[in-house]
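Here is the structure we will look at.
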Amino acid sequence: MENDNGIIGQSTSLRKVFHVLLKVAPTDSTVLVTGESGTGKELLVRALHSHSLRREKPFVPVNCGAIPKDLLESELFGHEKGAFTHAIRSKAGRFELAEGGTIFLDEIGEMDATLQVKILRALQEKEIERVGGTGAKKVDVRIVAATNRNLEQEVEAGRFREDLYYRLNVIPLHLPPLRERGHDILLLCEHFLKRFCERRQRQVLVLSANARKVLSAYPWPGNVRELENFMERLSILCDNQTVQVEDLPDKILSVAAELDSLPTEPPRTGNMPETPAGQAGAFRLPDLEDMFASHLGLKEFLESMEDRLLMQALEKAGGVKNQAAEILGIKRTTLIEKLKKKRMD
Ligand SMILES: Nc1ncnc2c1ncn2[C@@H]1O[C@H](COP(=O)(O)OP(=O)(O)OP(=O)(O)O)[C@@H](O)[C@H]1O
Ligand SMILES: [Mg+2]
């Protein structure tokens, strides 16, 4: 699934999130997005806005963790002239800029208690007050918040207001960590490899079966952002067309060392590019029954298997023979010879 918001993934856990998103998008409900760092919270909130009835109106993100505490209030609510030393003229805040649209309060867990009260008021009364202002102003803004903290724990620890938590958490959307999204890992690897290789105008790198295995097993503590960075690095540093295990960064390799199934397979042969992650153990040699069922003799049967593997490798390599040969672990000249003989060239 690559939907129109650039969100890649087909895992059940991600589909569930999207299912809720599509339902809640056209409403004005407050949404709280949670998930570890780099799981795609911002991407999801942008998708929410673009599926909402407010899509033609502004989307205004505010990173509550990045703006100094004493500036955040004026940033959010604006200020009147003379409200503080440097307030030489009055200025609208992000709430006012988001009129009719969506304000995205990112990292809301970082916000301090006095400001939390003011956000609560904006939520409940739909009005705000500029710093140094004399009256409240009505605003029509949908509030969407995100955090990578566990807000329930923050509430228990007294760092986050319970009333605000419940008011924000009307519709919770939790993005699962990447390590729980199964095959999405490889979809994302391929997506980013393609993007970065195309950007560098080089042929798109292909992942060897073992590299795929290692990438699938790595726990991705930095989630999609970490994956994106690794793929960018590969697109710059990897000299071969096929990414082998050795080409992966040390951080990932330390995990590979713990995968006991790898050493039994030599890195450049026996690759099965189409084998889905996690099913590598499903490989089984054909037996006599299979040959009988095919109505072929031994020679033809073996040849048909070879044909199939050659075709798959060529397909995977986008028709580039160098690359297909590398995937198959044979010389380019051998591949060309085979194709000629089989009239597949
Ligand atoms: N499912 C996905 N498909 C494609 N790209 C994704 C996906 N999820 C995240 N990304 C990309 O990964 C990077 C990190 O995503 P994003 O900034 O949305 O994460 P975040 O949860 O807000 O992280 P943080 O908590 O660190 O702010 C971005 O470049 C984003 O485009
Ligand atoms: Mg973010």
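The values are calculated or read from the model by the stated rules, or taken from the named source; none is laboratory data. The structure presented is a predicted model; accordingly, all values stated were derived computationally and were not measured. As a convention, Cβ positions derive from the backbone with ideal geometry for all residues, glycine included, and neighbour counts pool all protein chains shown. Just so you know, the surface numbers come from the protein's heavy atoms only, side chains and all, with ligands and any DNA or RNA stripped out. Shrake-Rupley method; radii C 1.70, N 1.55, O 1.52, S 1.80 Å.
Of note:
- For the chain, the longest principal axis of the alpha carbon atoms and the long axis of helix 332-341 meet at an angle near 60°.
- Each Lys and Arg Cβ is given +1 and each Asp and Glu Cβ -1; about its Cα centre, the chain then shows a dipole of about 980 debye.
- Straight-distance crosslink candidates among lysines, where the alpha carbon sits under 19 Å from Lys118 and sequence neighbours closer than 8 are dropped: Lys69, Lys91, Lys126, Lys137, Lys138
- The separation of region 24-84 from region 107-132, counted between C-alpha centres, amounts to 12 Å.
- Ellipticity at 222 nm from helices only: DSSP H runs of n ≥ 4 in the chain, each -39500 (n - 2.57), divided by the residue count, give -13000 deg cm²/dmol.
- Taking a straight line from the alpha carbon of Lys23, not one of the aspartates and glutamates sits under 14 Å away once near neighbours fewer than eight places off in the same chain are left out.
- Principal-axis tilt of helix 12-24 within the chain, Cα atoms, nearest 10 degrees: 40 degrees
- In range of the label at Thr333: residues from region 303-323 whose backbone nitrogen is under 18 Å from the point 7 Å along Cα→Cβ: 321-323
- Near Val131, the amide H atoms lying under 5 Å from its own belong to Gly78, His79, Glu80; only residues 5 or more places off or on other chains count, and H is placed 1.01 Å from N.
- Rounded accessible area of Lys137 (nearest 10 Å², 1.4 Å probe): 90 Å²
- Percent antiparallel among DSSP beta bridges (both partners in the chain, rounded to 5): 20 percent
- Reach of Lys338 by Cα under 18 Å, taken over lysines that are not fewer than 8 positions away in the same chain: Lys299, Lys316, Lys321
- Orientation-averaged projection of region 1-65 equals 4.8 nm² [convex hull of Cα atoms, one quarter of hull surface area].
- Using a probe of 1.4 Å, the accessible surface attributed to Thr114 totals some 100 Å² when neighbouring protein chains are kept in position.
- Modelled label positions at Asp163 and Lys138, each set 7 Å beyond Cα in the direction of Cβ, lie 2.3 nm from each other.
- Fully extending the segment from Lys23 to Arg121 would add 32.7 nm, taking 0.36 nm per residue of separation and subtracting the current Cα-Cα distance.
- Each residue of region 119-133 was assigned a 3J(HN,Hα) from its phi angle through the Karplus curve 6.51 cos²θ - 1.76 cosθ + 1.60 (θ = phi - 60°); the sequence is 5, 4, 5, 4, 5, 7, 9, 6, 9, 10, 10, 5, 5, x, x Hz, with glycine and proline shown as x.
- Region 284-345: translational diffusion in µm²/s, Stokes-Einstein, Kirkwood Rh over Cα pairs, 25 °C, 0.890 mPa s: 198 µm²/s
- Equivalent ellipsoid semi-axes, the chain, via Cα gyration tensor eigenvalues times 5, rooted, Å: 54, 19, 18
- Solvent-accessible surface ranking, highest first, for His174, His191, His86, His183 at 1.4 angstrom: His86, His174, His183, His191
- Ranking by accessible area, most exposed first, for Asp140, Asp106, Asp247 with a 1.4 Å probe: Asp140, Asp247, Asp106
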